[in-house]
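The values are calculated or read from the model by the stated rules, or taken from the named source; none is laboratory data. What you see is a predicted model, and the numbers here were worked out from it, not measured in a lab. Every residue, glycine among them, receives a Cβ derived from its backbone with ideal geometry; neighbour counts consider all protein chains shown. Only protein heavy atoms, including side chains, enter the accessible area calculation; ligands, DNA and RNA are left aside. Shrake-Rupley method; radii C 1.70, N 1.55, O 1.52, S 1.80 Å.
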Amino acid sequence: EFLRLIFPQFIKETVFELFYSRMGQSVSIANYWNDPHHQDLYYKYSDYLPYVNNEIDTSYEKSYRRNFLKLEKLILIGGPDDGVITPWQS
């Protein structure tokens, strides 16, 4: 823990270990995490994003699509200094 406080880059490189766990999936941001370097863990542990993106077959695919298409507006907020999404305009 002490190393993570001193070396924030270490946290950035290892955050997937927390996010791709059952405990990590209880944290809201972890449900939106898709690390291209750890796709096997993404599909194994992610409880939300791969289902909404229809990357995993489920019986809910049609209802997810239907409900998403009902949206009149979708506002997503990001910023150049958040350090999570790269590039932040994604």
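Modelled label positions at GLU13 and LEU49, each set 7 Å beyond Cα in the direction of Cβ, lie 2.1 nm from each other. What the Cβ-Cβ distance of LYS62 and TYR32 gives, at R0 = 22 Å and to the nearest 0.05, is a FRET efficiency of 0.45. Here the peptides 59-66, 27-34 are ranked by packing, the mean other Cβ count within 10 Å, and the order with the highest first is 27-34, 59-66.
Rolling a 1.4 Å probe over the protein heavy atoms of region 12-90, with every protein chain left in place, gives an accessible area that is 56 percent carbon and sulfur. Taking 0.36 nm per residue of separation and subtracting the Cα-Cα distance, full extension of the segment from LEU41 to GLU72 would add 7.9 nm.
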